[in-house]
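These notes concern the structure reproduced below.
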Amino acid sequence: MSVASVRTQPFAGQRPGTSGLRKKVTVFQQPHYLENFVQALFDILPSQVGEFSGATLVLGGDGRFHNRVAVQTILRMAAANGWGRVLVGQGGWLSTPAASAVIRRHRAFGGIILSASHNPGGPDGDFGIKYNIGNGGPAPEKITEAIYARSQTIDVYRSLDGVADLDLSQPGRFELEGMAVEVIDPVADYAELMESLFDFDAMRAWFAAGHRMRFDAMSAICGPYARAILEGQLGAPAGTVVNGEPLEDFGGHHPDPNPAHAQELMAAMAAADAPDFGAASDGDADRNMVLGRDFVVTPSDSLAVMAAHATLVPGYRAGLAGIARSMPTSCAADAVARALGIECHETPTGWKFFGNLLDAGRATLCGEESYGTGSSHVREKDGLWAVLFWLNLQAATGQSVEQLVRAHWTRFGRHYYSRHDWEGIPTDRADALMAELRGRLPSLVGQTLDGLHLAQADDFAYTDPVDGSLSSRQGVRLLIDGGARVVFRLSGTGTEGATLRVYLERYEAEPARHNLPVQQVLAPLIALADQVAGIRRHGGLDAPAVIT
Ligand code: VG1
Ligand code: CO
């Protein structure tokens with residue numbers, strides 16, 4: 001075995017998006033493609049984060065197609081680049097929140113997560129890679145931009161010659177050119193962390209009393225975690241976790257837990273014999289959807305309800321330091337923060353923007369409208385954690401999901417909310433739409449369109465209160481009198497064409513009007529969005545592909 005330097009040439013387009021570098025599997029399968037990106041990362045780390053030589057790297061992925069090949073490639077490259085030790089999940093598996101937990105617990109230098117998250121998998125699907133820093137969270141933009149810059153000049157990478165693939169199927173230890181490889185149980189550290197946060201006795205009693213739950217792991221990586229904790233530790237009946245076997249192509253499904261993609265779960269929760277509680281998670285287990293019996297909880301409401309009741313959960317008994325939400329997420333959590341007298345932060349989309357706030361102790365709970373919720377226990381959003389939080393709330397209060405949410409609306413008002421995704425727009429047309437919209441902004445302020453008065457219209461920019469870094473062009477906002485909003489931004493996780501996301505929100509204080517059809521309530525805003533942005537004209541589409 002020997003260290004080899006391999007000549008290579010840059011690939012265009014290796015710039016990480018909202019959450020890592022995501023491309024079609026076929027793109028990642030090109031010779032040198034993955035290697036270039038990984039070497040670019042290893043090349044910039046010393047100048048950005050410090051010397052990694054001899055340090056520990058965490059490695060694992062969501063088990064999607066190409067995970068097995070990529071893990072072996074990265075192990076060889078890590079050894080050739082002088083890492084001291086790699087902790088790799090058994091089978092090459094680690095959910096995103098578990099990777100974050102392992103990095104923190106073992107004080108690793110950082111970690112590489114192989115995932116394209118909620119994107120479909122399989123040979124024709126998507127693959128992805130992202131780097132997390134020593135706090136367990138996604139690398140900030142300063143680092144992802146440095147990786148990208150390096151990837152554009154790279155001409156050589158280091159790997160090992162003549163090394164057979166390691167057998168990662170069982171926990172164990174190997175040595176690779178002086179580097180230790182430890183194959184770890186992907187669930188153990190994570191499960192211990194959950195037990196330290198939640199009232200497992202109360203949750204066991206909830207199941208023992210005959211309550212029923214359906215957890216849909218969507219044939220993705222959360223299955224083993226959910227089975228171990230829900231069915232193993234909490235005594236939920238076998239079969240509580242469905243689609244619990246991780247599959248390389250997610251069984252051909254789209255592992256995105258929302259009402260549009262988790263239709264099997266939606267149907268089960270609407271059936272006459274529906275369980276008390278329904279939940280789902282995504283490809284890499286960092287997203288969550290929670291449902292009551294025939295009752296859908298929006299992620300924005302979920303964050304707000306969790307915040308309002310946090311002290312019922314042992315890990316949060318001392319109260320919250322603050323709440324942070326991404327800008328497009330509804331303002332439901334802001335109302336709770338006001339009532340609690342704590343800080344509320346509005347950040348750009350993507351979990352990397354929460355890291356500094358969590359590290360600085362300025363936020364305890366964080367959330368995004370895209371079915372992401374999390375807390376200071378790790379530095380990623382965490383699907384199963386959110387589900388356990390809701391389970392703990394039900395066990396502690398004796399109330400159902402629907403009761404908890406309706407009581408919340410009565411107290412704080414309801415933030416009607418929806419996101420419309422216009423998928424498959426040619427990139428140049430989507431760019432033209434956003435450019436035109438940005439150009440119109442100054443003229444929109446103060447206008448009244450169809451009875452809606454635009455108090456403010458801008459392009460969201462964020463200055464990180466901890467390190468002062470500025471992120472601009474994070475989404476166009478139309479702020480309407482009375483607290484209604486329309487937000488436009490282009491997705492940064494897709495791999496084909498462009499997706500325009502239109503976020504719609506309208507506040508309703510009056511309890512008598514808390515039971516209206518969401519799309520009907522938002523109809524004037526939907527019309528305004530099309531009128532102002534010319535979505536149909538630019539996009540050449542008739543309707544959004546996905547409404548959540
Ligand atoms: C989407 C969501 C964003 C989330 C990101 C990663 O990004 O909108 O809120 O943080 O996915 O989630 P975008 O740029 O496509 O809107 V995951 O679970 O795919 O890592
Ligand atoms: Co995800």
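The values are calculated or read from the model by the stated rules, or taken from the named source; none is laboratory data. What you see is a predicted model, and the numbers here were worked out from it, not measured in a lab. A quick note on method: Cβ atoms are made from the backbone with ideal geometry, for glycine too, and the neighbour counts reach across all protein chains shown. Please note that ligands, DNA and RNA were not included when accessible areas were found on the heavy atoms of the full protein model with its side chains. Shrake-Rupley method; radii C 1.70, N 1.55, O 1.52, S 1.80 Å.
The charge dipole of the chain, taken about its Cα centre with unit charges on the Cβ atoms of Lys, Arg (+1), Asp and Glu (-1) only, comes to about 740 debye. For segment 4-129, DSSP calls about 40 percent of its internal beta bridges antiparallel.
Would you work out what percent of the accessible area of segment 263-369, with all protein chains in place, is carbon or sulfur (probe 1.4 Å)? Taking all protein chains in place, segment 263-369 shows 48 percent carbon and sulfur surface. Close amide H contacts of T349 (hydrogens built in the peptide plane, cut-off under 5 Å, sequence separation of 5 or more or a different chain): M327. Annotation for R513 and A272: the two label points, set 7 Å from Cα along the Cα-Cβ direction, are 3.7 nm apart. Each Lys and Arg contributes +1 and each Asp and Glu -1, all at the Cβ; summed about the Cα centre of segment 119-254, the dipole is approximately 440 debye. Dipole magnitude for segment 192-337: about 440 debye, using +1 per Lys or Arg Cβ and -1 per Asp or Glu Cβ, origin at the Cα centre. Beta-bridge orientation, segment 222-346: approximately 60 percent antiparallel, per DSSP, counting only bridges with both partners inside.
Averaging the sequence gap over all C-alpha pairs within less than 8 Å and six or more residues apart, then dividing by the number of residues, gives segment 434-548 a relative contact order of 17 percent. Heavy-atom accessible area for H377, with the other protein chains in place and a 1.4 Å probe, reaches approximately 20 Å². Paramagnetic label reach from D481 (point 7 Å along Cα→Cβ; backbone nitrogen cut-off under 18 Å): within segment 510-533, residues 524-525, 528.
Which shape class applies to segment 50-108: rounded if a/c is under 1.5, otherwise prolate when a/b exceeds b/c and oblate if not, where a ≥ b ≥ c are the square roots of the Cα gyration tensor eigenvalues? Oblate, since a/c reaches 1.5 and b/c is not below a/b. Net charge within 12 Å of Q403 by Cβ-Cβ distance, Lys/Arg positive one each and Asp/Glu negative one each, not counting Q403 itself? Within the 12 Å Cβ shell, the charges total 0. Pairs of Cα atoms nearer than 8 Å and 6+ residues apart set the relative contact order; for the chain it is 13 percent.
Accessible surface comparison of E346, E505, E175, probe 1.4 Å, protein chains only, largest first: the order is E175, E346, E505. The residues of segment 237-364 have, on average, 32 Å² of accessible surface per residue, using a 1.4 Å probe with all protein chains present. Average accessible surface for segment 135-196: 47 Å² per residue, computed with a 1.4 Å probe over protein heavy atoms with every protein chain in place. Taking every protein chain into account, the 1.4 Å probe leaves W409 with about 10 Å² of accessible area, to the nearest ten. Taking every protein chain into account, the 1.4 Å probe leaves L437 with about 0 Å² of accessible area, to the nearest ten. For the set I535, I342, solvent exposure ranked by accessible area (probe 1.4 Å, protein chains only) runs largest to smallest as I342, I535. Here the spin labels are modelled as points 7 Å beyond Cα on the Cα-Cβ line, and at S2 and L444 they lie 6.2 nm apart. Extending 7 Å from Cα along the Cβ direction at A543 and again at Q531 yields two label points whose distance is 2.2 nm. Using a probe radius of 1.4 angstrom, the carbon and sulfur fraction of the accessible surface of segment 29-151 is 51%.
Close amide H contacts of T18 (hydrogens built in the peptide plane, cut-off under 5 Å, sequence separation of 5 or more or a different chain): G492, T493. Relative contact order of segment 337-403: 18 percent, from C-alpha pairs under 8 Å at least 6 residues apart in sequence.
Compute the Cα gyration tensor for segment 1-87, then decide on rounded, prolate or oblate, letting a ≥ b ≥ c be the square roots of its eigenvalues: rounded whenever a/c is under 1.5, prolate when a/b is larger than b/c in the other cases, and oblate in all that remain. Rounded, because the longest to shortest axis ratio a/c is under 1.5.
Amide H to amide H, with H built 1.01 Å from N, A360 comes under 5 Å of no residue 5 or more places away or on another chain.
Assign one of three labels to the chain, namely rounded, prolate or oblate, based on the Cα gyration tensor with a ≥ b ≥ c the square roots of its eigenvalues; rounded applies when a/c is under 1.5, prolate when it is not and a/b is larger than b/c, and oblate otherwise. Verdict is oblate for the chain.
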